[in-house]
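Following: one structure in structure tokens, then a few remarks.
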Amino acid sequence: MMRMLKYLLILIAIAALVVFVVGYRLPVQHTASGEREFAASPGRAFGEIANPSEYSRWRSGVQRVEMLPPDSTGRRRFREISLSDEITYEIEQQIPDRLFVTRIADENLPYGGTWTFELEPTQTGTLVRITEDGEVRNPIFRFVSKYVIGQTRGINKYLDDLDDRLRTAAAP
């Protein structure tokens, strides 16, 4: 029994080393994107995206949002609170009905970056494209982000939640 435990511990150590080495070799910065067309006007879609104070009403996992005082440059800031995280964001750029850019403002997290929301009118509604320009500083998190979670998982979940919100709000 002790021999099996010893082999199991060696196997776990080797697996951890492989995860670390592979993660270390991955680039710190990455770009991921996703898009979806919605049967809603650009103004309606933008109204949901650009209103962080309402995120807890429709975004999965967001328990509450605290609106914070602007930063030293006057940028609006907010903190998303979920079961496992508290993340502070700043709004870098906003062009009504067309563009919304947020940046993670917490420098001490093992990850960071921006989400850029681009909205384009279509014949039937609005195409929403989300581009994540991210960085994952911790090699183990880089491995998990790339091979376990997937770099577009958060984007796809956001688009699913936005779809639910726009459909629910449009229903009579």
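Which residues, taken from the stretch 49-107, are farther than 27 Å from Thr168 by Cα and basic (Lys, Arg)? Arg75, Arg76, Arg77, Arg103 - these are the residues of the stretch 49-107 that are farther than 27 Å from Thr168 by Cα and basic (Lys, Arg).
Does Val65 fit the bill of being crowded, with 16+ Cβ neighbours inside 10 Å, touching a residue at least 12 places away in the same chain (Cβ under 8 Å), within 19 Å of Asn156 (Cβ to Cβ) and touching a strand residue (DSSP E or B) at 6+ places or on another chain (Cβ under 7 Å)? Considered against the rule, which asks whether it is crowded, with 16+ Cβ neighbours inside 10 Å, touching a residue at least 12 places away in the same chain (Cβ under 8 Å), within 19 Å of Asn156 (Cβ to Cβ) and touching a strand residue (DSSP E or B) at 6+ places or on another chain (Cβ under 7 Å), Val65 comes out as no. Where strands (runs of 3 or more DSSP E) sit wholly within the stretch 26-110, those with at least 2 residues that are farther than 30 Å from Asn138 by Cα and either of a type outside the set (Gly, Ala, Ser) or more than 17 Å from the chain's Cα centre (by Cα) (or both) occupy 29-38, 86-95.
May I ask you to say which residue of Thr31, Thr73 is in contact (Cβ under 8 Å) with a residue 40 or more places away in the chain and within 30 Å of Arg129 (Cβ to Cβ)?
Within the list Thr31, Thr73, the selection yields Thr31.
Scanning the stretch 68-93 for residues that are exposed (fewer than 14 other Cβ atoms within 10 Å of the Cβ) and among the acidic types (Asp, Glu) yields a total of 3.
Read-outs throughout are calculated quantities, based only on the coordinates presented, and are distinct from any laboratory measurement. Please read all numbers here as calculations on a predicted model, not as lab measurements. Neighbour counts run over all protein chains shown; Cβ positions are idealised from the backbone, glycine included.
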